[in-house]
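The values are calculated or read from the model by the stated rules, or taken from the named source; none is laboratory data. Bear in mind that the values here come from a model prediction, so they are computed numbers and not experimental data. Cβ placement follows ideal geometry from the backbone for every residue including glycine, while neighbour counts extend to all protein chains displayed. Surface areas here come from the heavy atoms of the whole protein model, side chains and all, with no ligands, DNA or RNA. Shrake-Rupley method; radii C 1.70, N 1.55, O 1.52, S 1.80 Å.
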Amino acid sequence: MNVNRGNYGRKKAIPLSVTHTRQKYDSNTNQTLDSVPISHPISSIPLRKRAKSNSHFTPSVSLNKSDSNYHTNASISAFSLNIISKICWISSHSLIQSISNQITTQHHTPPAFLATLSTPSSLSPSQIQFYAAYNFMNDPKLAELFTLEAPKSTTISDLAEVHSRIACACNDSCIRIYDLDSKSCCSALGNSVFSSSESVSSVCSFNGISSSNSQRLGSTGSCGTVSIFDINQEQSLWSNTTDRNLRNTAESVGYLCSIALESDVIAAGGISGRVDVYDVRTNDSVVSSLYCGTHTRLRSVKSDESSSHFVFAGSNNGELIVWDRRYISSSTDSESMLMKVQAHSGPIWDISLVSNRPGLLLSCAEDGRVLSWDFGTASQSFNSTATTEFWSAQVSESDVHIVADTAPYAVNAIHAHPAAELVAYGTDSAEFTVQTLDSLTC
């Protein structure tokens, strides 16, 4: 395949096909993961009766163009102290708002704010660095604002913004809540819910799901705990403790990722290769499970806030999986899976849905690639009148594009801004990049 890469901000061109191994540190277990083989076979596996598509395809390459269109196709990179494991766009809090006013006055454009989680390769504490990205339509810049550091020997595995604060999932059975005005930890949750040997593996916000429940925080643990907290009252509202203990006697249950689906519904994925859905209005047991057909770890789970019956997950073997919860007829029903596509050659570490580009999904993985998935275009051949049914479409070769390639460094985190036309992603090389959506989709 002939590829015209153009100038996309990297120091040298990277071969399209590589095979090597890499070791990665798991903050949930404080252990080094097994070496992961990296190569680039790509195949598509349709699992429901859809329009006929090729059984094997390679995503096309459309990496960032040169600086000739810099005003619309802008990107900028910066370096952190350690591996970038999570990225989270945040809203303007009172302290940051004063900084925002200064930047806006100086540069005539309102900034966007993001937090990056730097995870060390040892038991050193994690750090959260806050940045302002501004002037992206003219001369893009990143300004470092301040840094928060976890307690000594504490590793943070996930971040979420909830009710104007930052929640951190920590490996010492604790969720730490940081106030950005005082730049300090204002509360710690979870000691009475998570077992003493359990790491808090993920946190998720209900902000975009329900304004009345914006103070709610969802969380999961490495031993199978799922809990929802009220951060204002600093107490647990619900947990699956009884169900967790019963299930752990029959199977090994450990969760790695979570997402709020509705105001009272949370989904958790992990080592079992399925996504378990809990409804806090019923009891503490799983109301349904979404199966992917193979026993592989799920590293990231997301949902479309405007149509939460669609659930997406990235697996340890590089598969992107899409479910429709409306097709579930029982807790063991696997017919809800719409699609399973193996497009990455290593674990998919993160996925992000682009709110202001309906039908656009981004994935990043151990193979160093960022892929864009255009379900909106794919849905043009799908017979549906509902605007959100594009997620039911079967993507083909022409709908998937490589928009960044950082090999041999993995891309661990990606997050599309919920309102602005910006996307940020971070790598094993301690580098993170902020780009306009036009630079990813042009």
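Worth pointing out:
- Selection of strands (runs of 3 or more DSSP E) fully inside segment 273-343 by the criterion of at least 3 residues being modelled with pLDDT of 90 or more returns 274-279, 298-304, 307-315, 319-324.
- Some residue of segment 324-346 being at negative phi and within 15 Å of the chain's Cα centre (by Cα): no
- All positions within segment 113-128 that are open to solvent by 10 Å² or more (accessible area, probe 1.4 Å) and at pLDDT 90 or above: 127
- When segment 79-99 is filtered for residues that are within 22 Å of the chain's Cα centre (by Cα), open to solvent by less than 20 Å² (accessible area, probe 1.4 Å) and at pLDDT 75 or above, the ones remaining, listed by number, are 84, 87, 88, 89, 90.
- Qualifying positions in segment 154-177 - over 17 Å from residue 214 (Cβ atoms) and either in a loop (DSSP other than H, G, I, E, B) or of a type in the set (Ser, Thr, Tyr) (or both): 154, 155, 157, 171, 172, 173, 174
- In summary, residue 250 fulfils each of the numbered conditions (1) at pLDDT below 95; (2) outside any loop (DSSP other than H, G, I, E, B) with the single exception of condition (2).
- Residues of segment 388-420 that turn out to be surrounded by 20 or more Cβ atoms within 10 Å (Cβ to Cβ) and farther than 22 Å from residue 342 by Cβ, as a count: 3
- Restricting attention to segment 180-206, the residues that are more than 24 Å from residue 271 (Cβ to Cβ), touching a helix residue (DSSP H, G or I) at 6+ places or on another chain (Cβ under 9 Å) and not aromatic (Phe, Trp, Tyr) total 4.
- Some residue of segment 286-297 being within 22 Å of residue 412 (Cβ to Cβ) and out of contact with any Leu (no Cβ under 8 Å at 6 or more places or on another chain): yes
- Residue in segment 159-178 that is polar (S, T, N, Q) and under 21 Å from the mean Cα position of the chain (by Cα) present: yes
- Top-ranked residue in segment 344-398 [being among the hydroxyl-bearing types (Ser, Thr, Tyr), out of contact with any Gly (no Cβ under 9 Å at 6 or more places or on another chain) and closer than 26 Å to residue 432 by Cβ; ranked as modelled with the highest pLDDT]: 352
- Residue 195 meets all of the listed conditions (1) of a type in the set (Gly, Ala, Ser); (2) surrounded by fewer than 18 Cβ atoms within 10 Å (Cβ to Cβ); (3) not in a loop (DSSP other than H, G, I, E, B) but one, namely (3).
- Counted residues, segment 151-172 - those being at pLDDT 90 or above and open to solvent by 10 Å² or more (accessible area, probe 1.4 Å): 8
- Residues in segment 349-379 that are part of a strand (DSSP E or B) and polar (S, T, N, Q) were compared, and the one that is surrounded by the fewest Cβ atoms within 10 Å (Cβ to Cβ) is 372.
- Every condition in (1) surrounded by 21 or more Cβ atoms within 10 Å (Cβ to Cβ); (2) under 25 Å from residue 353 (Cα atoms) is met by residue 214 except one, and the failing one is (1).
- Total residues in segment 285-302, condition open to solvent by 20 Å² or more (accessible area, probe 1.4 Å) and closer than 23 Å to residue 160 by Cα: 3
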